[in-house]
Amino acid sequence: MVRVLRSCIQSILKMVNSFIGMAGIAMILYSAWMIRIWQREMGELPFGSDSKYPPPWFIYTFLFLGVVFCMITCTGHVAAETANGCCLYMYMVFMVILIMLEASLAVDVFLHSDWEKDFPIDPTGNFDQFQKFVKSNFEMCKWVGLSLVALQGLSLLISMILKGLGPHQSYDSDDEYGPDRVPLLKNAPPYAKNEAWLRINDKANR
């Protein structure tokens, strides 16, 4: 029963974690599109150290967040597949840090009406376009953001439940190879047959 429950929770964690990964991939694709626009308008890539233009921090931020989301997703998939305590702890720490950063950013935006002044000037103009898009589609952006945070909180809760169930256990029982299962060993590899017969003989001699 515990094994079935653990398997279901692992599948749910993978599914919820996949949505976070898709958000990260969307951020990376959006960053790639902004890099292409920058290269077309400025005639150079935004990663050169000898550029005469200010660094496009907005592109860097979106690209960094996309990579972080994808890395957290990979960690979550490994943790969900193995149910390893160390991987689950690492995944939970990453999720807590990410949620805290998002919460601090949301508090800054809601408490300060002039929050735009906290950010440096974006030479690409993409930040202004993004800001206008958010304002014109505020309801949709609000629900998308809340859904993403809810998915992160749900994945954190599921990982805590999976950690509470403990790691996979190897059930090495004497009844694993009973006499009624001997015919099934005919097509097994030689090493499996030898191990099975040793278990059966050991049980018969007791």
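General remarks:
- Take the Cα of Leu5, go 7 Å toward its beta carbon, and the backbone nitrogen atoms of the stretch 136-167 under 11 Å from that spot belong to 162, 164-166.
- Length gained on full extension, Met160 to Leu148, computed as 0.36 nm times the residue gap minus the Cα-Cα distance: 2.5 nm.
- Rounded to whole Hz, the Karplus (6.51, -1.76, 1.60) HN-Hα couplings of the stretch 102-111, x for glycine and proline: 5, 5, 5, 5, 5, 5, 5, 5, 7, 8
- In the stretch 1-44, chymotrypsin sites (Phe, Trp or Tyr not before Pro) in a DSSP loop with at most 14 other beta-carbon atoms within 10 Å: none
- Inter-label distance for Gln39 and Tyr60, nm, one decimal - labels placed 7 Å from Cα along Cα-to-Cβ: 2.0
- In order through the stretch 84-94: 3J(HN,Hα) via Karplus (6.51 cos²θ - 1.76 cosθ + 1.60), integer Hz, x for Gly, Pro: 7, x, 5, 5, 5, 4, 4, 5, 5, 5, 4
- Cβ-based net charge around Ile72, under 14 Å, with every Lys or Arg adding one and every Asp or Glu removing one: 0
- Summed residue charge, Cβ within 13 Å of Ile9's Cβ, Lys/Arg positive, Asp/Glu negative: +3
Every number here is computed from the coordinates shown, using simple stated rules; none is lab data. Since we're looking at a predicted model, the values are computed, not measured. A quick note on method: Cβ atoms are made from the backbone with ideal geometry, for glycine too, and the neighbour counts reach across all protein chains shown.
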